[in-house]
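The values are calculated or read from the model by the stated rules, or taken from the named source; none is laboratory data. The structure presented is a predicted model; accordingly, all values stated were derived computationally and were not measured. Every residue, glycine among them, receives a Cβ derived from its backbone with ideal geometry; neighbour counts consider all protein chains shown.
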Amino acid sequence: MASEVAELIRALRDGRMTLDQVEQRFRERHWPQRNSAEPGSYLEMAARAQEDPDPDVPDSFDDVVAAYDRGEITRQQYRILAQAVADSIRAEGDSR
């Protein structure tokens, strides 16, 4: 099953939605966050650096990064969408 984020990017790429429409939707949606604790020491930080990266979080900003890496969106589109995601996350944090 495709994620909402992947579907929005597909709609942008296919011309069914404009960049402004996708940007607005990105600003309005909830973005899941990773729930990992900050390392408590340099030793813990070094140990984590040796671990495999966490798997991608479905329907998250990871989908935007993956779309950019696959060449499905341009650098300019990526920057606009990344800013929209950041604004959404910031606004959600401010409302708590």
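What the table shows:
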quantity: Residue match in the range 30-48 (condition: under 19 Å from GLN83 (Cα atoms), in a helix (DSSP H, G or I), among the aromatic types (Phe, Trp, Tyr) and within 22 Å of the chain's Cα centre (by Cα)); calculated: no
quantity: Scope the range 1-19; condition assigned to a helix (DSSP H, G or I) and within 18 Å of the chain's Cα centre (by Cα); matching residues; calculated: GLU4, VAL5, ALA6, GLU7, LEU8, ILE9, ARG10, ALA11, LEU12, ARG13, LEU19
quantity: Selection status of ARG27, surrounded by fewer than 14 Cβ atoms within 10 Å (Cβ to Cβ) and either at negative phi or touching a Leu at 6+ places or on another chain (Cβ under 8 Å) (or both); calculated: no
quantity: Candidate set: the range 11-24, residues that are of a type in the set (D, E, K, R) and touching a residue at least 40 places away in the same chain (Cβ under 8 Å); chosen: the one surrounded by the most Cβ atoms within 10 Å (Cβ to Cβ); calculated: GLU23
quantity: Hits in the range 69-87 - residues which are in a helix (DSSP H, G or I), surrounded by 10 or more Cβ atoms within 10 Å (Cβ to Cβ) and over 11 Å from the mean Cα position of the chain (by Cα); calculated: ASP69, GLN77, ARG79, ILE80, ASP87
quantity: Scope the range 37-53; condition surrounded by 10 or more Cβ atoms within 10 Å (Cβ to Cβ), at pLDDT below 85 and not basic (Lys, Arg); matching residues; calculated: PRO39
